[in-house]
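Visitor: Handing you this structure, nothing more for now.
The values are calculated or read from the model by the stated rules, or taken from the named source; none is laboratory data. The shown structure was predicted, so the numbers you read here are calculated from the model rather than taken from an experiment. Here the Cβ is made from the backbone with ideal geometry for all residues, glycine too, and neighbour counts use every protein chain on show.
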Amino acid sequence: MNEDGLDPVIHAPARLRIVVTLAALRDGDDLSFTRLQELIGLTPGNLITHLRKLEDAGYVTAEKNGSGVTARTSVALTLAGRAALERYTTALRQLLDSASSRLLSPHRQQGKRRLGAPRAPTALLPRAPSA
Amino acid sequence: MNEQAGTTGAGMGEAAGGDDGTTMGVADAAVIMQEASDRARRQLRVSHRATFTIWGLGLLLGYGSIWLTVRGQQPFHGLPPATFAVGALLSSASIMTGVAQAQADSGVGGLSAVRQRIHLLAVLAGFAAMFALEGALAHTGASRSVIGVFEASAPVLVAGLFYFTTSAVWLDWPVLGLGIWLLVVAAVGGFAGPSGVWAVDALAAGLAYLLMAAIEPRLRPS
């Protein structure tokens, strides 16, 4: 875990996209490797590298079914992966909230009302993935 | 590699180095999460628009054509059974193809795909039971008028039950509405008689399907 509480396995752009994309699936569902690659926009080699890191952490499973032209590799988020994403989202929200407070506090101390003061984009965060 | 979030967010200096060689701030992470979540929800859902369109046109044109054929028949002698069977089989095949294609395009497998296959089997079993029942009706001496009403209403009834149960599995309220509507059409349409039922079902059920096809993208969560 980083000192800011963010899981370093998830806190990388490509892996964050992978985990969030897989979290959008229903429980028990998986996604084909090809489709995941389309959605994330990575080369197969890069995607495999990131998936391996997530798999080593126990956050995703990758399973190959069939052989030859019918072979299909499917990727799914594990329960541990879903829980890790929830923790990551919570930590991220707290960091954004505290950053927002720091930005706004000097204006409060000076008794000034600053219109259009920057707000932390907590609203951007998707809702915590449902289990 | 498409790493867009190489900079820290404005004013959010909580940057952390990713081990893929990029630096990502917390604001960047929030933006990435939102974008990835939106994109996944939009692109991973299975669209039934094609199936709704096929059914809508099938009912509107197929049932409409049958109505043009049988209206004014005195006495009513209906359709040749083979015509009805071929039409129903073609409809089943088109549904299966449409659903299977939509599923494959989405790339989603696992439990959802299994549920979808079981639902398809339910439709096929429903149609098979319908044919058997029609045979039983004919065997027991039911008139052509009774069989005519059955031939028009039973497929709509099967479809209505299919959508009703589908909505229970997925908690899909628009599909529940379609299921209820089809059951109402199946129940009430027969009162229009063995000829009129084809016109009633063509319009009431066919247009409902086409309406669903038109509004489906807007009814789903974005």
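Visitor: Looking only at region A:45-56, which residues are more than 11 Å from chain B (Cβ to nearest Cβ) and either within 15 Å of B:G109 (Cα to Cα) or β-branched (V, I, T) (or both)?
Guide: Correct list: A:I48 only.
Visitor: Taking region B:36-71, which residues are within 14 Å of chain A (Cβ to nearest Cβ) and out of contact with any helix residue (DSSP H, G or I) (no Cβ under 8 Å at 6 or more places or on another chain)?
Guide: Passing the criteria: B:D38, B:R41, B:R42.
Visitor: Exactly one of these conditions fails for A:G81: (1) more than 12 Å from chain B (Cβ to nearest Cβ); (2) crowded, with 17+ Cβ neighbours inside 10 Å; (3) farther than 22 Å from B:G109 by Cα. Give me its number.
Guide: (3)
Visitor: A further question follows. Just wondering, is there one or more residues in region A:41-56 that are surrounded by fewer than 21 Cβ atoms within 10 Å (Cβ to Cβ), in contact with a helix residue (DSSP H, G or I) (Cβ under 8 Å, 6 or more places away or on another chain) and hydrophobic (A, V, I, L, M, F, W, C)?
Guide: For region A:41-56, residues surrounded by fewer than 21 Cβ atoms within 10 Å (Cβ to Cβ), in contact with a helix residue (DSSP H, G or I) (Cβ under 8 Å, 6 or more places away or on another chain) and hydrophobic (A, V, I, L, M, F, W, C): present.
Visitor: Of all the residues that make up region A:8-32, how many are crowded, with 20+ Cβ neighbours inside 10 Å and more than 7 Å from chain B (Cβ to nearest Cβ)?
Guide: Here the count works out to 7.
Visitor: Take A:L42 and decide whether it is among the hydrophobic types (A, V, I, L, M, F, W, C) and more than 7 Å from chain B (Cβ to nearest Cβ).
Guide: no
Visitor: Is it the case that some residue within region B:69-86 is in a helix (DSSP H, G or I) and at pLDDT 85 or above?
Guide: yes
Visitor: Working only within region A:57-71, note down all residues that are exposed (fewer than 15 other Cβ atoms within 10 Å of the Cβ) and either at negative phi or within 12 Å of chain B (Cβ to nearest Cβ) (or both).
Guide: Selection gives A:E63, A:K64, A:N65, A:G66, A:S67, A:V69, A:T70, A:A71.
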